[in-house]
C-alpha cells in the first residue's frame with residue numbers, strides 16, 4: 001500500500017538528453033527552414049527523449065477519463081447536480097460521449113474510470129477503481145482523508161503501469177465530475193499563492209450570481225484550511241511554487257480541497273513518468289493534477305505534453321508554473337479529455353513528417369545553418 005513516505009521517496013529518471021539532441025539534429029536535416037514547425041518540432045523531440053528512441057511511436061494511445069463527484073456541489077457552485085456525472089459516465093461506457101466520438105476519429109482508445117462517482121451501481125464499460133462515492137464538502141471537512149487520497153494516487157499509478165504493459169506508448173488525461181472546476185481553482189490558488197478570484201471561472205456556464213457564489217465558496221475553503229494568500233504575492237513566488245519542494249503542503253492541499261479525479265490523474269502522471277510514457281494534458285483539471293503530481297514527485301513535468309489553452313484562466317497559470325506552452329488555443333471548455341484527444345491528429349501529421357520527410361540531400365540543395 002502506498003504511504004506518504006513511499007510517495008515522497010519516488011524518483012523520476014529524466015528523459016534521455018542524448019536522444020533529445022539527436023532528434024533536434026534529425027529535424028535540422030529535413031528539407032525545411034530551421035525550426036520551421038516551431039513548437040511541434042520540440043514536442044516530437046521531447047517524445048523521442050521520453051521514449052528513449054530517435055524513432056518514437058504514438059500509434060497506440062489512449063485517453064484515460066477519471067470520473068468522480070465532489071461534495072462541494074451541495075453549495076450550489078454548478079448549474080447542474082452530481083447526477084450528471086453518472087449520466088456522462090454511462091455515455092462514456094457506452095462509447096457515445098463526446099470524447100468517444102472524437103477518439104474514434106483521432107484513433108484514440110477511451111478508457112473511462114470510476115474513481116469516485118456518487119452511485120452504487122457498476123457502470124457498464126467503465127473501469128471500477130472507486131475509492132469512495134464522491135468527496136466530502138470541503139467547507140465542512142476535508143474533501144479526502146490521507147488514506148483516500150493515497151489510494152486514488154496509487155490506483156492512477158497502477159493504471160499507468162498496466163496500460164504500459166499492454167503496449168500503450170502515450171496516454172492523454174481527461175475527467176468528468178460536476179464541481180471539479182471549483183476544486184481545481186481552490187487547489188491552484190493554494191499551490192500558486194494566487195488570489196482565488198483571479199482563478200475561479202464560470203465552469204460549465206455560471207451566470208454572474210453563480211460565479212460570485214463559487215468565488216465565495218473557494219475563498220471560504222482556503223481560509224478554513226489556512227491556505228489563503230494575498231494577491232500581492234510576488235510573481236516570482238507564483239512561478240516557483242511548483243518547484244519549492246514542499247511535498248507535504250501539496251499533499252495537504254489535495255486532501256483538504258481536491259477531488260478524487262485530481263488525485264487519480266496525479267497518480268497517472270506519476271506512473272507515466274516512471275514508465276517513460278508521454279502524457280498529453282487536457283484542460284484545467286488535468287493541469288491542476290499535473291501540478292499536484294510535480295509537487296509530490298519532482299521531475300514529472302518533463303513527461304507532460306500540453307494540448308490546449310482552454311477558457312479557464314487557471315489552466316494557463318498551471319501550465320506556466322509547469323513551464324509548458326499550450327499548442328492549441330481553440331477557446332474550449334468541454335472536458336472529458338477532448339482537447340488532448342484533438343491534439344493527436346496534428347501530432348500524427350508532424351510525426352509522419354519527422355519520420356519520413358525528405359532530406360536536403362534528396363533535393364541536392366544545401367542545408368540551412370543553425371546559428372543559435
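The values are calculated or read from the model by the stated rules, or taken from the named source; none is laboratory data. A quick note: this is a predicted structure, and the numbers were derived from the prediction, not measured. We place every Cβ from the backbone using ideal geometry, glycine too, and count neighbours over all the protein chains shown.
Here are a few things to note about the model shown:
- Search result, residues across the stretch 141-186 that are on the phi < 0 side of the Ramachandran plot, out of contact with any helix residue (DSSP H, G or I) (no Cβ under 8 Å at 6 or more places or on another chain) and assigned to a loop (DSSP other than H, G, I, E, B): 141, 166, 168
- Residue match in the stretch 314-322 (condition: over 21 Å from residue 41 (Cα atoms) and without any contact (Cβ under 8 Å) to a residue 24 or more places away in the chain): yes
- Scanning the stretch 20-35 for residues that are more than 9 Å from residue 368 (Cβ to Cβ) and under 31 Å from the mean Cα position of the chain (by Cα) gives 20, 21, 22, 23, 24, 25, 26, 27, 35.
- Within the stretch 107-125, the residues that satisfy the criterion of being in a loop (DSSP other than H, G, I, E, B), touching a helix residue (DSSP H, G or I) at 6+ places or on another chain (Cβ under 9 Å) and more than 13 Å from residue 261 (Cβ to Cβ) are 107, 108, 119, 121, 123, 124, 125.
- Scanning the stretch 13-51 for residues that are under 18 Å from residue 349 (Cβ atoms), assigned to a loop (DSSP other than H, G, I, E, B) and either in contact with a strand residue (DSSP E or B) (Cβ under 8 Å, 6 or more places away or on another chain) or touching a residue at least 60 places away in the same chain (Cβ under 8 Å) (or both) turns up 31, 32, 33, 37.
- Residue match in the stretch 71-87 (condition: in a loop (DSSP other than H, G, I, E, B) and touching a strand residue (DSSP E or B) at 6+ places or on another chain (Cβ under 8 Å)): no
- Matching residues in the stretch 133-158 - criterion: being surrounded by fewer than 18 Cβ atoms within 10 Å (Cβ to Cβ) and in contact with a strand residue (DSSP E or B) (Cβ under 9 Å, 6 or more places away or on another chain): 133
- Restricting the stretch 272-308 to residues that are within 12 Å of the chain's Cα centre (by Cα) and part of a loop (DSSP other than H, G, I, E, B), the residue that is nearest to residue 58 (Cα to Cα): 278
- Condition broken by residue 320, with the remaining ones in (1) surrounded by fewer than 19 Cβ atoms within 10 Å (Cβ to Cβ); (2) assigned to a loop (DSSP other than H, G, I, E, B) satisfied: (2)
- Test result for residue 189, surrounded by fewer than 21 Cβ atoms within 10 Å (Cβ to Cβ) and in contact with a helix residue (DSSP H, G or I) (Cβ under 7 Å, 6 or more places away or on another chain): no
- Single match in 231, 242 (criterion: surrounded by 15 or more Cβ atoms within 10 Å (Cβ to Cβ) and modelled with pLDDT under 95): 242
- Filtering the stretch 165-180 to residues that are farther than 13 Å from residue 110 by Cα, touching a residue at least 40 places away in the same chain (Cβ under 8 Å) and surrounded by fewer than 24 Cβ atoms within 10 Å (Cβ to Cβ) leaves 167, 169.
- Selection from the stretch 283-317 of residues that are at pLDDT below 95, buried (at least 24 other Cβ atoms within 10 Å of the Cβ) and farther than 24 Å from residue 149 by Cβ: 310
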